[in-house]
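**Q** Have a look at the structure that comes next, please.
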Amino acid sequence: MFGPSRENIGIVPRFQEIASRAGVRFAYFNDAVPGRYYFPEILGGGAGWLDYDRDGWLDLYVMTGCPLAGPQPANGRYKNRLYHNRDGEAFDDVTLSVGGQPTGFGHGCAVGDFNADGYEDLYLSNFGENGLFVNQGDGTFQNVTHASGIAASFWGTSALWLDVDSDGDLDLYAASYVDWNIAMHKACEYNGHKGYCGPGSYTPEADRVFVNQGDGTFIEAAETLGLQAPGGPGLGVAALDFDDDLQPEIYVANDMAEKFLFTRTADPAASRTAGVQPVGRWREVALQAGCALSGSGEAEAGMGVTCADFDGDGRPDIFLTHYYQKKNTLYRNLGRLLFHDDSYVSRIAAHSMLSLGFGTAAIDYDRDGAPDLFIANGHVLGPEQPPPVEMQPQLLHNDGTGKFDDVSAHAGRYFQELWLGRGVAAADFDNDGDLDLVVSHLNKPLALLRNDTPTGRHFLGLRLTSANRTVPVGGRVAATVRGSTRVQPVVAGGSYLSSSDRRLLFGLGEHALVERLKICWPSGRVDQFENVAADQYWRLDEGGQLKPDTFP
Amino acid sequence: MEPKKPISASEPAAADVSPLPLTDAAHGDDKTDVPPPSMTLALRGLRLVLILGLVATAGTGVWAWRGKADAKRWALRGDFVRARSGLRRYLWLFPRDAEARLQLARALATDDALLPKQRWPEAFALLQSIDDRTPQGFEARMCEARLAFLVRLQPTHAEQLVRRALALKPKSRDAWFLLWKILDMTGRGDESETVFQQVLALAAADERTWCLREWFLSQFAPGLANADLDRALGFLKPDETAGPACEFQRLLAFRNAERSSPLNHAALARWFERQGDFEQALKILRESSGLPGAYANRYFVFALVETYLKAGQADLAEKYFVDCPGDRAGYEYWRLQGILHEEAHRDYAQAVTAYDRAMMTWPGPADWRTVLRKAQCLRALGKADEAEQCRAAGEKIRTDLFGAPNQKALLDAAARLTEPRQLDVIAGYYMSLGRRNEAALWRKASPLTGNETGFVQRISN
């Protein structure tokens, strides 16, 4: 639909689905029982990329569900899986060897080094009790859910790690969906057919914020910090700086409700609660900012979210996936924390009306510097509904000005098949300078899409670590080539239930040299480097030197 | 030579006969001038024939006239066969009689026992043969319009006929009402306010509440407003609820029955556009753009503009908008102008101005989407307070109109207008929209009696 012909497409995208071949044989278990329609069955699961053993290759953690009713199998059959990345070529299932295995109906995961020991840890969002697993650094994980004080039973969805109280360590923002349990279950009917009810049938649950105490423990303080707003069945969440003050905002995609945009305002009257620093209090401003509702004032669905500078004006924009016969939404950032719904003029609306989107990732598949979009699609009402139920995923090419063309038809066999797509996590798992994708589905195996697009173009990769040994969320990097500058924010979270590669990747087109690389840290520090060579990853620790990020 | 007839007692004697005026020959001649017997007989025979002919003619005329005179009575009794028979014999003698043609057309149209091919071609031919300038011209155009709309499913042709009828009789409530329904059923409910005003002005006192209800439903629940007619035309099953599927069937049928009308293609395209299938909508519009009059049809052009905008092709939208036919005025014009300013040019100030103009004309005041677009533009201009006020106003309209509890209450009220307080419910809704005139009309209206004629019956008569 509205797609260019192969002759007009420029560089033809090529994504090879290699999951099984690479040793990743996994399918999310959603415990769907015909005719039952328990709500959690339909959400699906996500995936997280993390280099748990610090060998330079991103490993893959994938979520799964379990029986929603009745006793759990004693053999722990339904486990999330960890796949060790063997030099970017293949993966080994190391789930059993890493220990600390959670059980629970899994949805989302968030990767972050909350104890700043250099090893990335895992937070798991479940329907039911959540989970926190600390990376021991020796190839194993320890379940510290209860010991950390983070244990809570709620319907968790997406989550992200972010320093919300500016004390230098990572706290956790955990989105929550609705108040549902088996006792209150009901099936709904659409056009005479039974199906899953939607979020409007239940009461939204408040999101949680677990504040890191620095000693391995957390306290929940969403309300205290101002990070709570009513009426939000949260599904996607992303944190980044939208208004150029190097402080991150938090954007929450709520399902069929107003979205949230939390920003911090210096507030002398901020309350002082034990364990919570009296920094500027967060406040929710999405309505005033113009990114709570669509341009015509409708509360849209809002499953997945991804943020990038789509129109090349230096300010990150917001892309949201939505419901069938409703448009996905692109909010263009106007600056000053103002957004405008540009879904129609960007052609995003035209590409999305006949699909239902979930996980999404902004990836520059052709290295032209403009972030493109991948969207996993699939309906939610259940198998008794008339088609379409399973849907094709989409790859949308950005023409450089924030207008998109659907190039899915040319992107590979995976894009021609039908799926119930859910979580998407992007990562350069083979370290070849372009982002690959993992996609979790309902009822079908997970897909690992390796980006094999032959661009002949250049890239620059960057791994950043702030002085407190965290990813500098809120910061931004500007890469200038031949007078043209592309800006990327440092982002936490994004997509749906998933955690992507934290490195930054710039597509440089035909240019093999970055004339100027400028890094703005959340601390206010600015680092600038000239004539940085392309086609490799660089590493920069705040206050240090730019070094090649080599892989052992 | 036949013998003379003997003089009978009834014949006067020759002496009793009044003398005929003497001819010149009689004066100068002793002989009397009497036609020869053969000529007398011929004359008598001719006279007889003439008399018989006159009698026969008169008799035939009477017989034929009786046929026309009795036709109405037979038709009322449902004996359409006799009615038609009488009218046909009348028309055999008086083929130019417009009234008889009209009656015969009606007798064909109303007889459900006939097959379509037995009724419609002749009925249409009869009606078409009646000139506008005859006393029957208006009725003929109205009959023709109804048949074109309800039988042939040709709304464009029907609309042309209704407008001809209105030119002949501008104060016909039925004609305005038919026009209103044609607009509604072809997706042009936005254009029907002035038509509704005419119907209301011409309605009898006991019809006004019914009119007001029809207007309310046509604007806020068009599926319900059109349901009776959709059922009569077979687009909606008796137990089905009106919705997009029914609307699609109707618009598709109109398009297929009247392919030469750009308007029908545009209406179908707009259905696809509303369903989010912009590609299909554009396909239909492009394929029909070569029809005569396409680009002179404002509805067609606006459909093209809106679909191109939704498809993200603002440059093409603007190209067609710049040359749109008709006045640079009206709700739809200003609304699209606003969207072009907003999306294609990012000129939010101009967009606000255009939206304000759109909201001055119905259905602008109820168009919460445009109000919220205006709010978005105000926000982009940095006018936060004004944007918030505008957003709140738009949200209020949306909630009052589409919020489930309110919508249910309003539709319930519309269904129970035999109860006086339900009229106040709807009056209150119009007041909340700032529509004082409508609110006042509702407040003055009387409750329905429950005996009002259904729409389908009105439009079919």
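**Q** Taking the dipole about the Cα centre of the stretch B:149-257, with the C-beta of Lys and Arg at +1 and of Asp and Glu at -1, give me whichever of B:L233, B:V199, B:L168 is farthest to the positive side.
**A** Of the options given, the answer is B:L168.
**Q** Here is a follow-up. For B:K396, B:K444, A:K194, B:K408, write out the residues from largest to smallest accessible area, computed with a 1.4 angstrom probe and no ligands counted.
**A** On the way: B:K396 105, B:K444 160, A:K194 80, B:K408 125 Å².
So, going from the largest accessible area down, we get B:K444, B:K408, B:K396, A:K194.
**Q** Here's a follow-up. Under a point spin-label approximation (7 Å from Cα along Cα-to-Cβ), what is the A:E223-A:A533 distance to one decimal in nm?
**A** Those two pseudo-labels are separated by 5.7 nm.
**Q** A follow-up question, please. Picking from B:L309, A:F260, A:Q136, whose Cα lies most toward the positive end of the charge dipole for the protein assembly as shown (charges on Cβ: Lys, Arg +1; Asp, Glu -1)?
**A** Farthest towards the positive pole: B:L309.
**Q** Let me ask something additional. Please express the shape of the stretch A:124-225 as an equivalent ellipsoid: the semi-axes are the square roots of 5 times the eigenvalues of the C-alpha gyration tensor, given largest first in whole angstrom.
**A** 32, 16, 11
**Q** If you don't mind, there's one more thing I want to ask. Based on the alpha carbon coordinates of the stretch B:266-305, what radius of gyration and maximum Cα-Cα distance (Dmax) apply, in Å?
**A** Over the stretch B:266-305's Cα set, Rg and Dmax evaluate to 9.3, 28 Å.
**Q** What value, in deg cm²/dmol to 500, does the helix sum -39500 (n - 2.57) over DSSP H runs of n ≥ 4 give at 222 nm once divided by the residues of chain A? Numbers along the way, then the final one.
**A** Details: 4 runs with 17 residues, N = 552.
Result for chain A: -500 deg cm²/dmol, rounded to the nearest 500.
**Q** Just the projected area, averaged over all directions, of the convex hull on the alpha carbon atoms of the stretch A:140-190: how many nm²? Walk me through the numbers before you get to the answer.
**A** Values: hull surface 26.0 nm².
For the Cα atoms of the stretch A:140-190, the hull's average projected area reads 6.5 nm².
**Q** Read phi for every residue in the stretch B:235-245 and hand back ³J(HN,Hα) as whole Hz from Karplus 6.51 cos²θ - 1.76 cosθ + 1.60, θ = phi - 60°, with x for Gly and Pro.
**A** Once θ is set to phi - 60°, the couplings for the stretch B:235-245 become 8, 9, 6, x, 9, 8, 9, 5, x, x, 5 Hz.
**Q** Just read off the accessible area of A:D535 with the full protein assembly in place, 1.4 Å probe, to the nearest 10 Å².
**A** Accessible area of A:D535: about 70 Å².
**Q** Given a cut-off of under 8 Å on Cα pairs at least six residues apart, what relative contact order in percent is computed for the stretch B:255-389?
**A** Computed value for the stretch B:255-389: 15 percent relative contact order.
**Q** Right, another one. P(r) for the stretch B:136-265, please, calculated from all Cα pair distances in 10 Å bins and given in %.
**A** In order of increasing distance, the bins hold 13, 42, 37, 8, 0 percent.
**Q** Between rounded, prolate and oblate, where does the stretch A:1-66 land on the alpha carbon gyration tensor, with a ≥ b ≥ c its root eigenvalues, rounded for a/c under 1.5, else prolate if a/b exceeds b/c? Display every interim value, and only then the final one.
**A** Details: a/c = 2.78, a/b = 1.26, b/c = 2.21.
Since a/c reaches 1.5 but b/c is at least a/b, the shape of the stretch A:1-66 is classed as oblate.
**Q** I would also like to ask the following. What net charge do the residues around A:E298 carry, taking every other residue with its C-beta under 9 Å from that of A:E298, with Lys and Arg at +1 and Asp and Glu at -1? Provide the component values of the computation, followed by the final result.
**A** On the way: positive: A:K326, B:R369, B:R398; negative: A:E300.
Local charge sum for A:E298: +2.
**Q** Right, another one. How much of the pair distance distribution for the protein assembly as shown lies past 36 Å, counting alpha-carbon pairs only, in percent? Could you put the intermediate results ahead of the total?
**A** Numbers: 308626 of 512578 pairs.
When every Cα pair of the protein assembly as shown is considered, 60 percent fall beyond 36 Å.
**Q** With +1 assigned to the C-beta of every Lys and Arg and -1 to the C-beta of every Asp and Glu, and no other charges, what is the dipole magnitude of the protein assembly as shown about the Cα centre in debye, to the nearest 20?
**A** Numbers: 107 positive and 130 negative charges, 1107 e Å.
Roughly 5320 debye, rounded to the nearest 20.
**Q** Quote the Stokes-Einstein diffusion coefficient, in whole µm² s⁻¹, for the stretch B:196-338, based on the Kirkwood radius over alpha carbon pairs, a temperature of 4 °C and a viscosity of 1.567 mPa s.
**A** On the way: Rh = 16.8 Å.
Approximately 77 µm²/s, per Stokes-Einstein.
**Q** While we're looking at this one, here's another question. Separation of the stretch A:392-436 and the stretch A:312-337 by C-alpha centroid, Å?
**A** If you average the Cα positions of each part, the centres end up 18 Å apart.
**Q** A further question on this structure: For chain A, just say rounded, prolate or oblate: build the C-alpha gyration tensor, square-root its eigenvalues into a ≥ b ≥ c, call rounded for a/c under 1.5, and beyond that prolate if a/b exceeds b/c, oblate if not. Before the final figure, lay out each step's value.
**A** Numbers: a/c = 1.23, a/b = 1.10, b/c = 1.12.
Rounded shape, in that the Cα axes give a/c under 1.5.
**Q** So between B:D131 and B:Q407, what do we pick up on full extension, going 0.36 nm a residue minus the alpha carbon distance?
**A** Numbers: separation 276, 0.36 × 276 = 99.36 nm, distance 4.78 nm.
Difference between extended and current length: 94.6 nm.
**Q** Cα extents of chain B along the three principal axes, largest first, in whole Å?
**A** 130, 52, 43
**Q** Tell me: how much accessible area in total is hidden between A and B, 1.4 Å probe, Å², nearest 100? Can you show the working numbers first?
**A** Values: alone 19720 and 24900 Å², together 42290 Å².
Approximately 2300 Å², summed over both chains.
**Q** Give a quick list of GluC sites (Glu not before Pro) in the stretch B:137-244 that DSSP marks as loop, anything other than H, G, I, E or B, with at most 14 other Cβ atoms within 10 Å.
**A** Details: sites: B:E139, B:E144, B:E159, B:E191, B:E193, B:E207, B:E214, B:E240; in loops: B:E240.
Answer in residue order: B:E240.
**Q** If you find the alpha carbon centre of the stretch B:233-280 and of the stretch A:497-552, how far apart are they in angstrom?
**A** When both Cα centres are located, 56 Å separates them.
**Q** Continuing with the same structure: Keeping all protein chains in place, calculate the accessible area per residue for the stretch B:109-201 (probe 1.4 angstrom), answer in Å². Intermediate results must be reported in sequence, preceding the final value.
**A** Working: 3940 Å² over 93 residues.
Here the per-residue accessible area is 42 Å².
**Q** Also: Between B:R436 and B:T194, with labels modelled 7 Å along Cα→Cβ, what's the label distance in nm to one decimal, could you check?
**A** About 2.4 nm separates the two model spin labels.
**Q** In Å, what Kirkwood hydrodynamic radius results for the stretch A:311-414 from the alpha-carbon pair distances? Intermediate values should be presented prior to the final figure.
**A** Working: mean 1/r = 0.0702 Å⁻¹.
For the stretch A:311-414, inverting the mean 1/r across all distinct Cα pairs yields 14.2 Å.
**Q** Same structure again: Efficiency by 1/(1 + (r/R0)^6): what FRET value for B:F248 and A:R336, r their Cβ-Cβ distance, R0 = 56 Å, to the nearest 0.05?
**A** Numbers: r = 44 Å, r/R0 = 0.79.
Efficiency at R0 = 56 Å is approximately 0.80.
**Q** Given all pairs of different Cα atoms, what value in angstroms does the Kirkwood hydrodynamic radius of the stretch A:91-178 take? Before the final figure, lay out the partial values.
**A** Details: mean 1/r = 0.0748 Å⁻¹.
Value: 13.4 Å, from the Cα pair sum.
**Q** Please report, in debye to the nearest 20, how large the charge dipole of the stretch A:308-374 is about its Cα centre when each Lys and Arg carries +1 at its beta carbon and each Asp and Glu carries -1 there.
**A** It comes to approximately 320 debye.
**Q** Now, a different point. Determine how many Å³ per residue the convex hull of the Cα atoms of the stretch A:332-484 encloses. List each step's numbers first, then the result.
**A** On the way: hull volume 25.6 nm³, N = 153.
Dividing the Cα hull volume of the stretch A:332-484 by its residues yields 167 Å³.
**Q** Might you report the magnitude of the Cβ-based charge dipole of the stretch B:239-337 about its Cα centre, with Lys and Arg at +1 and Asp and Glu at -1, to the nearest 20 debye?
**A** On the way: 12 positive and 14 negative charges, 40 e Å.
With Lys and Arg at +1 and Asp and Glu at -1, about 200 debye.
**Q** Same structure again: With every protein chain left in place, what is the accessible area of A:E542 in Å² (1.4 Å probe, nearest 10)?
**A** 40 Å²
**Q** Can you give the mean number of other chain Cβ atoms that lie within 10 Å of the Cβ atoms in peptide B:306-314?
**A** The shielding value for this peptide is 5.
**Q** On to the next question. Could you work out how much longer the chain between A:E510 and A:D243 gets when fully extended? Use 0.36 nm per residue separation minus the Cα distance between them, nm to one decimal.
**A** Details: separation 267, 0.36 × 267 = 96.12 nm, distance 3.07 nm.
Full extension from A:E510 to A:D243 adds 93.0 nm.
**Q** Beta carbons within 10 angstrom, averaged per residue: use that to sort the peptides A:242-252, A:11-21, highest first. Don't skip to the answer; put the middle values down first.
**A** Working: A:242-252: 22.5, A:11-21: 17.8.
Going from most to least packed, we get A:242-252, A:11-21.
**Q** Tell me, what is the 1.4 Å probe accessible area of B:L252, in Å² to the nearest 10?
**A** 50 Å²
**Q** In sequence order, what are the phi-derived ³J(HN,Hα) couplings for the stretch A:199-212 according to the Karplus relation 6.51 cos²θ - 1.76 cosθ + 1.60 with θ = phi - 60°, rounded to whole Hz, with x for glycine and proline?
**A** Result, ordered by residue: x, x, 7, 9, 8, x, 9, 6, 5, 10, 10, 9, 8, 6 Hz.
**Q** At a Förster radius of 51 Å, what calculated FRET efficiency corresponds to the Cβ-Cβ distance of B:R44 and B:R163, to the nearest 0.05?
**A** On the way: r = 63 Å, r/R0 = 1.23.
The value I calculate is 0.25.
**Q** Another question, then. For the stretch A:182-244, just run the numbers: alpha carbon Rg, then divide by 2.2 N^0.38 Å, N being how many residues it has.
**A** Numbers: Rg = 17.6 Å, N = 63, 2.2 N^0.38 = 10.6 Å.
Ratio of Cα Rg to 2.2 N^0.38 Å: 1.65.
**Q** Can you put B:V49, A:V473 in order of accessible area, largest first, using a 1.4 Å probe?
**A** Working: B:V49 95, A:V473 15 Å².
Accessible-area ranking of B:V49, A:V473, largest first: B:V49, A:V473.
**Q** Ok, one more. Go through the stretch B:37-146 and name the trypsin sites (Lys or Arg not before Pro) that are in a DSSP coil and have 14 or fewer other Cβ atoms within 10 Å of their Cβ. Walk me through the numbers before you get to the answer.
**A** On the way: sites: B:R44, B:R47, B:R66, B:K68, B:K72, B:R73, B:R77, B:R82, B:R84, B:R88, B:R89, B:R96, B:R101, B:R106, B:K117, B:R119, B:R133, B:R141, B:R146; in loops: B:R77, B:R96, B:R133.
Those satisfying the criteria are B:R77, B:R96, B:R133.
**Q** Report, to the nearest whole %, how much of the accessible area of chain A belongs to carbon and sulfur atoms, 1.4 Å probe, protein only.
**A** Numbers: 8890 of 18550 Å².
Using a 1.4 Å probe with all protein chains present, chain A comes out at 48 percent carbon and sulfur.
**Q** Which Cα, out of A:A183, B:P365, A:Q213, lies furthest along the positive dipole direction of the protein assembly as shown (beta carbon charges, K/R +1, D/E -1)?
**A** The Cα lying farthest towards the positive end belongs to B:P365.
**Q** If I stretch the segment between B:R88 and B:S260 completely, what's the gain in nm (0.36 nm per residue apart, minus their alpha carbon distance), one decimal? Don't jump to the answer; show the numbers that get you there.
**A** Numbers: separation 172, 0.36 × 172 = 61.92 nm, distance 3.43 nm.
Between B:R88 and B:S260, full extension yields 58.5 nm more.
**Q** Keeping every protein chain in place, order A:H107, A:H185 by accessible area at 1.4 Å, biggest value first, i.e. largest first. Intermediate results must be reported in sequence, preceding the final value.
**A** Values: A:H107 0, A:H185 50 Å².
I get A:H185, A:H107, largest accessible area first.
**Q** Here's another thing I want to ask about it. For labels at A:L96 and B:D323 in the simple 7 Å Cα→Cβ model, what's the distance in nm?
**A** Going from the A:L96 label point to the B:D323 one covers 7.4 nm.
**Q** While we're on this one: Alpha carbon centre of the stretch A:43-68 versus the stretch B:339-410: separation in Å?
**A** When both Cα centres are located, 44 Å separates them.
**Q** Something else now. Could you tell me which of rounded, prolate or oblate describes the stretch B:314-421, using a ≥ b ≥ c as the square roots of the eigenvalues of the alpha-carbon gyration tensor, with rounded for a/c under 1.5 and, failing that, prolate when a/b is larger than b/c and oblate otherwise?
**A** Values: a/c = 3.05, a/b = 1.63, b/c = 1.87.
Since a/c reaches 1.5 but b/c is at least a/b, the shape of the stretch B:314-421 is classed as oblate.
**Q** Return the unpartnered cysteines for the protein assembly as shown, using a Cβ-Cβ cut-off of under 4.7 Å.
**A** Here A:C66, A:C109, A:C291, A:C307, A:C520, B:C143, B:C211, B:C246, B:C324, B:C377, B:C390 come out as lacking a disulfide-compatible partner, given the Cβ-Cβ threshold of under 4.7 Å.
**Q** Determine the relative contact order of chain A: mean sequence separation of Cα pairs under 8 Å and six or more apart, normalised by residue count, in whole percent.
**A** Values: 1679 pairs, mean separation 87.1, N = 552.
16 percent.
The values are calculated or read from the model by the stated rules, or taken from the named source; none is laboratory data. Remember, predicted model here, so these are calculated numbers, not experimental data. All Cβ positions, glycine included, derive from the backbone under ideal geometry; neighbour counts span all protein chains shown. Calculation scope for accessible area: heavy atoms of the full protein, side chains included, ligands and nucleic acids excluded. Shrake-Rupley method; radii C 1.70, N 1.55, O 1.52, S 1.80 Å.
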